[in-house]
1. Within 19 Å of Ala126 (Cα to Cα) and within 22 Å of the chain's Cα centre (by Cα) - does that describe any residue in the stretch 249-258?
2. Is it the case that Pro262 is in contact with a Leu (Cβ under 9 Å, 6 or more places away or on another chain) and under 30 Å from Ala60 (Cα atoms)?
3. Name the single residue that is nearest to the ligand (Cβ to nearest atom) among those in the stretch 111-121 being of a type in the set (A, V, I, L, M, F, W, C) and farther than 14 Å from Ala150 by Cα.
4. What pairs come up if the first residue lies in the stretch 86-99 and is farther than 19 Å from Leu130 by Cα, the second is within 11 Å of the ligand (Cβ to nearest atom) and polar (S, T, N, Q), and their beta carbons are under 6 Å apart, counting only those six or more places apart or on different chains?
5. Out of all the residues in the stretch 164-183, is one or more within 14 Å of the ligand (Cβ to nearest atom), over 20 Å from Glu91 (Cα atoms) and among the polar types (S, T, N, Q)?
6. Anything in the stretch 94-107 that is out of contact with any Phe, Trp or Tyr (no Cβ under 7 Å at 6 or more places or on another chain) and modelled with pLDDT of 95 or more? List them, or say none.
7. In the stretch 68-103, which residue that is within 20 Å of Gly156 (Cβ to Cβ) and among the aromatic types (Phe, Trp, Tyr) is farthest from the ligand (Cβ to nearest atom)?
Amino acid sequence: MLARAREFLSRKDLPEARLEAELLVAHALGLDRLHLFLALDRPVVAAEVDRARELLVRRARREPVAYLTGKREFYGRAFEVDPRVLIPRPETELLIDLAREWHGGREEPTRVLDFGTGSGCLAVTAALELSASQVLAVDVSDGALSLAAANAARLGAQVEFLRADGPEGLSGRFDLVLSNPPYVTRAESAALAPEVREHEPALALFAPEGDPDHWLRRLVRFAAERLEEGGRLFCELGASQAERAADVAESAGLGALLHDDPAGIPRVLESW
Ligand SMILES: C[S@@+](CC[C@H](N)C(=O)[O-])C[C@H]1O[C@@H](n2cnc3c(N)ncnc32)[C@H](O)[C@@H]1O
């Protein structure tokens, strides 16, 4: 079954055919990948073959593996995902590394905002990794908020969730603002993989009004008004944004530093 699954996905030109066949066959059998290999001599029943076949056909139509299995790992924890939310990306973990470094285990209460929470990956991880944090997670999508709340409950994270359109109407001040806002322009959408373009939520991907810096500007303005003394904004950037990000922050009177992701691409603006 595994061999046929691999062969089927390779014929469909999926570069990760071997790994994906293992993940999808394991999922069809109700196992994880490790247990699949421990159960290689276990007989399979017709219903399992049908389940695997359906998953493979959907994968061949470029549905992302994470939506087919319903989960994706972020910072070492399994998050539930479905087409209501962006699939968490490994490069977004840099926001958490930087937040932890800035936080340094301080003991006083730290008010954290995660703007555009999606699956809740940043809010939940911040709540679990930063001691004495009080995390507010906002999104305009009700579907995202309900999935994020389920992730927080399952992973035992204390997070307050709120539906809001933009950050400006939120009350109070924050020590830390984290965000991975939508920054893709419609013009760039042709270059996206079909997995992303056709299956991930447009609301999570595309910047309003075709302006990749829309949220960067609003978040920088928000940070200038609402960050506590010594506080930080960490905002993820699209590849084309890095060259403008420091100017945007400096023209709002903020300090700015760019951080590279593990691939060496400037990925996060730090502002204060
Ligand atoms: C790129 S996704 C990031 C999701 C998650 N934080 C992550 O890093 O995987 C951006 C999120 O911003 C939300 N969003 C889009 N427009 C918004 C708005 N006007 N107000 C609040 N959230 C918004 C989307 O629903 C989506 O969940």
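1. Scanning the stretch 249-258, I find no residue that is within 19 Å of Ala126 (Cα to Cα) and within 22 Å of the chain's Cα centre (by Cα), so the answer is no.
2. Yes: the conditions hold for Pro262.
3. Selected residue: Phe115.
4. Listed pairs, sorted by first residue: Pro88/Ser119.
5. No, the stretch 164-183 contains no residue that is within 14 Å of the ligand (Cβ to nearest atom), over 20 Å from Glu91 (Cα atoms) and among the polar types (S, T, N, Q).
6. Matches in the stretch 94-107: Leu94, Asp97, Arg100, Glu101, Trp102, His103, Gly104.
7. Per the criteria, the residue is Tyr75.
The values are calculated or read from the model by the stated rules, or taken from the named source; none is laboratory data. The structure presented is a predicted model; accordingly, all values stated were derived computationally and were not measured. Don't worry about glycine lacking a Cβ; one is built from the backbone with ideal geometry, like all the others, and counts go over all protein chains shown.
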